[in-house]
1. Determine ³J(HN,Hα), in whole Hz, for all residues of the range 53-70 in sequence, where each value follows from phi through the Karplus function 6.51 cos²θ - 1.76 cosθ + 1.60 and θ = phi - 60°; x replaces Gly and Pro.
2. Could you work out the Kirkwood radius for the range 27-164, taking every pair of different alpha carbons, averaging 1/r and inverting it, reported in Å?
3. Rounded to the nearest Å, what's the spacing between the alpha carbon centres of the range 33-88 and the range 92-129? Just the number, please.
4. Any idea what the dipole of the chain comes to, in debye rounded to 20, about its Cα centre with Lys/Arg Cβ at +1 and Asp/Glu Cβ at -1?
5. Using only Cα atoms, find the angle between the long axis of helix 150-163 and the longest principal axis of the chain, and express it within 0 to 90 degrees, rounded to the nearest 10.
6. Roughly what would the spin-label model give for residue 75 and residue 150, points 7 Å off Cα along C-beta, in nm?
7. So what is the accessible area of the chain per residue, in Å², with the probe set to 1.4 Å?
8. Against the longest alpha carbon principal axis of the chain, how many degrees, from 0 to 90 and to the nearest 10, is the axis of helix 15-25 turned?
Amino acid sequence: MKTFLFPGSFDPFSLGHQDIARRAAALCDRLVVAVLSNPGKAPAFTTEERVSMAKMCLSGIDGVEVIMFEGLLVDLYSKLGASAVVRGLRGESDYRIEAEMAAVNKLLLPEYDLILLPCSTDMVYISSSTIKEVALFGGDISKMVNPKIVDFVQSKIIERKAEN
Ligand code: PNS
């Protein structure tokens, strides 16, 4: 049983994330999408909201489960008996960050391994920060997130703006 782990903040879950999850799921038996619960990162969406959005976007893809995690990624990796972490790569700047995180994770856990999947070309410019910025000013995010979560993302961002 080959388990891959796809961790992230997913704040919110984008079509780019969905594309990576779908392609990674085809390469393993079980793909665990792990949503980071870290209040220190001050996400726009709660952990529960991010888990629920990821579940909605990935429903129907065989072998995929969504969980939340806190603490070290390598601890989750060991607990799940994962064979590799999967991350999407949009460009060179992503690569530098991923290489650095992988080096630290490998120091902590020598059997740790990483698979970097290049983003599909039409997803290269989609990021969670861009989605939040466009949504904040009422722009159209329908080409950036799954149709199932468009209204939720849009309304929560506006709601949170009004709260602050
Ligand atoms: O979507 P993100 O914010 O780029 O995901 C980053 C994530 C969740 C992969 C990373 O922050 C992480 O692994 N956090 C868990 C804490 C940890 O293990 N830190 C040491 C590795 S640098």
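The values are calculated or read from the model by the stated rules, or taken from the named source; none is laboratory data. Only a predicted model underlies this, so the values are computations on that prediction, with no experimental measurement involved. Glycine also receives a Cβ, built like all others from the backbone with ideal geometry; neighbour counts cover every protein chain displayed. What goes into the accessible areas is simple: the full protein's heavy atoms, side chains included, and nothing from ligands, DNA or RNA. Shrake-Rupley method; radii C 1.70, N 1.55, O 1.52, S 1.80 Å.
1. Working through the residues one at a time gives 5, 4, 4, 5, 5, 9, 5, x, 8, 4, x, 10, 10, 10, 9, 9, 9, 9 Hz.
2. It is 16.7 Å.
3. So the separation of the two Cα centres works out to 15 Å.
4. 100 debye
5. Tilt relative to the chain: about 70 degrees.
6. Each label point is offset 7 Å from its Cα along the Cβ direction, giving 4.0 nm.
7. Spelled out: the 1.4 Å probe surface of the chain, per residue, equals 53 Å².
8. 30 degrees
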